[in-house]
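Q: Once you've had a glance at the structure underneath, I'll fire off some questions.
The values are calculated or read from the model by the stated rules, or taken from the named source; none is laboratory data. Because the structure is a prediction, the values reported are computed rather than measured. We place every Cβ from the backbone using ideal geometry, glycine too, and count neighbours over all the protein chains shown. For the accessible areas, the whole protein counts, side chains as well, though only heavy atoms, and no ligand, DNA or RNA atoms are used. Shrake-Rupley method; radii C 1.70, N 1.55, O 1.52, S 1.80 Å.
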Amino acid sequence: MSFTIEERGRPNTQDYRVFFKNADGKYISPFHDVPIYANEADNIFHAIVEVPRWTNAKMEIATKDPLNPLKQDLKKGNLRYVANVFPHKGYIWNYGAIPQTWEDPGHKDSDTGCCGDNDPIDICDIGNKVCSRGEVIKVKVLGTLALIDEGETDWKVIVINTEDPEADDFNNIDDVKQLKPGYLEATVDWFRRYKVPDGKPENQFAFNGDFKDRDFAIQTVKSTHEFWKALISKKSNASELNCMNTSVSDSPFCCSATDADAVVKSACAFGTEEPIPNSGRCLLFFFFG
């Protein structure tokens, strides 16, 4: 199963969008139409790369827009760029989400005591390859970190791209500790402090910031898939989320290819990349204890 992207608008502007197509060239939603499983028997999942490693633009699946293209998040009306918090440069993994999952804001997690953040579940790909924006990869789940972001449960699932030359060496979170020493500690540090330059307090974690293992993480991913099933079948309240899809035949939100074409055609034509706005220049922040 292969996927391609189509860019619309001008990069580094608010009209920039990244739409997705399936192998037949039909427009699809990365949230709802890319299957969660690449290989269900082996628990290999698909993941959408929103932010390539070392970059700063906070791109994300637009959960409230038709067909859910990637777009850049806004902060106070301006394009959002994550600051470089020493010693980190941008995002320190390929960052993205697992499709057909949903962290239900109406469900209080029994482990964290907090409700979901209303988004697909997030992934941090620790593989060596720097992926491209909008790339759909196949990943092996290794563990998870439970971030508490402004009072909401925001799981960060640690994965490795199955095409990584070292993928066979990584099967659980302990393998990351052994083979990539310091990476998990850096991950906790990154998530704790990345919002501080925006004037927000440090983030907190469940489980004292400890990572849960592969089995726990896989079960967490599967539970968010069940929440998504309820969402896409209208058994849960979608509220502002847009559930337009082209492949979930029993979903009341399923649309025709013509409707999907119309969504993309209504977007701005692809244009020349704009310079990063001055407000988005990524400063280097130091913290002293």
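Q: Identify, please: which residue in the range 170-188 is part of a helix (DSSP H, G or I) and without any contact (Cβ under 8 Å) to a residue 40 or more places away in the chain and is, among those, nearest to the chain's Cα centre (by Cα)?
A: Initial filter on the range 170-188 (part of a helix (DSSP H, G or I)): 173-179, 183-188.
Pick out the ones that are also without any contact (Cβ under 8 Å) to a residue 40 or more places away in the chain and you get 174-175, 177-179, 184-185.
Details: 174: 23, 175: 23, 177: 23, 178: 26, 179: 25, 184: 18, 185: 20 Å.
Per the criteria, the residue is 184.
Q: Is it the case that residue 134 is open to solvent by less than 10 Å² (accessible area, probe 1.4 Å), in contact (Cβ under 8 Å) with a residue 40 or more places away in the chain and closer than 25 Å to residue 2 by Cβ?
A: Here the answer is yes, as residue 134 does meet what is asked.
Q: Yes or no: the range 44-62 includes at least one residue that is open to solvent by 40 Å² or more (accessible area, probe 1.4 Å) and over 26 Å from residue 177 (Cα atoms).
A: Yes.
Q: Would you check which residues across the range 23-37 are over 25 Å from residue 224 (Cβ atoms) and acidic (Asp, Glu) and list them?
A: 24
Q: While we're looking at this one, here's another question. Among the residues of the range 3-14, are any in contact (Cβ under 8 Å) with a residue 24 or more places away in the chain, within 30 Å of residue 214 (Cβ to Cβ) and among the charged types (D, E, K, R)?
A: Scanning the range 3-14, I find no residue that is in contact (Cβ under 8 Å) with a residue 24 or more places away in the chain, within 30 Å of residue 214 (Cβ to Cβ) and among the charged types (D, E, K, R), so the answer is no.
Q: Now, a different point. Inspect the range 162-172 for any residue being over 17 Å from residue 30 (Cβ atoms), modelled with pLDDT of 95 or more and among the hydroxyl-bearing types (Ser, Thr, Tyr) and give the result as yes or no.
A: So far as the range 162-172 goes, yes, one or more of its residues are over 17 Å from residue 30 (Cβ atoms), modelled with pLDDT of 95 or more and among the hydroxyl-bearing types (Ser, Thr, Tyr).
Q: Among (1) touching a Pro at 6+ places or on another chain (Cβ under 6 Å); (2) more than 19 Å from residue 192 (Cα to Cα), there is one condition residue 42 misses while meeting the rest; what is its number?
A: Only one criterion in (1) touching a Pro at 6+ places or on another chain (Cβ under 6 Å); (2) more than 19 Å from residue 192 (Cα to Cα) is unmet by residue 42, namely (1).
Q: Okay, next question. When you scan the range 29-46, do you find a residue that is touching an Asp or Glu at 6+ places or on another chain (Cβ under 8 Å) and closer than 26 Å to residue 127 by Cβ, even just one?
A: no
Q: Which of (1) within 27 Å of residue 240 (Cα to Cα); (2) of a type in the set (Ser, Thr, Tyr); (3) outside any strand (DSSP E or B) does residue 91 not meet, given it meets every other one?
A: It is condition (1) that residue 91 fails.
Q: Give me the pairs: first residue in the range 22-45 and modelled with pLDDT of 95 or more, second residue surrounded by fewer than 12 Cβ atoms within 10 Å (Cβ to Cβ), beta-carbon distance under 7 Å, and six or more apart or on different chains, which are they?
A: Close Cβ pairs satisfying both conditions: 23/1; 23/2.
Q: Return a yes/no flag: does the range 45-65 have any residue that is among the β-branched types (Val, Ile, Thr) and more than 16 Å from the chain's Cα centre (by Cα). Working first, answer last.
A: Just the residues of the range 45-65 that are among the β-branched types (Val, Ile, Thr), to begin with: 48-49, 51, 55, 61, 63.
Now narrow it down to the ones that are more than 16 Å from the chain's Cα centre (by Cα): none.
No, the range 45-65 contains no residue that is among the β-branched types (Val, Ile, Thr) and more than 16 Å from the chain's Cα centre (by Cα).
Q: Taking only the range 221-245 into account, find how many residues are outside any strand (DSSP E or B) and either of a type in the set (Gly, Ala, Ser) or open to solvent by less than 40 Å² (accessible area, probe 1.4 Å) (or both).
A: Counting residues in the range 221-245 that are outside any strand (DSSP E or B) and either of a type in the set (Gly, Ala, Ser) or open to solvent by less than 40 Å² (accessible area, probe 1.4 Å) (or both) gives 16.
Q: Follow-up question, since we're still on this one. Which of the residues belonging to the range 189-220 are within 22 Å of residue 119 (Cβ to Cβ), open to solvent by 30 Å² or more (accessible area, probe 1.4 Å), touching a residue at least 60 places away in the same chain (Cβ under 8 Å) and not in a helix (DSSP H, G or I)?
A: Residues satisfying the conditions are 205, 211, 212.
Q: State which residue is least open to solvent (accessible area, probe 1.4 Å) when the search covers only the range 77-86 and only residues that are in a loop (DSSP other than H, G, I, E, B) and under 19 Å from residue 274 (Cβ atoms).
A: Restricting attention to the range 77-86, the residues satisfying the condition of being in a loop (DSSP other than H, G, I, E, B) are 77, 80, 82-83, 86.
Subset that is under 19 Å from residue 274 (Cβ atoms): 77, 80, 82.
Working: 77: 46, 80: 32, 82: 6 Å².
Among residues in the range 77-86 that are in a loop (DSSP other than H, G, I, E, B) and under 19 Å from residue 274 (Cβ atoms), the one least open to solvent (accessible area, probe 1.4 Å) is 82.
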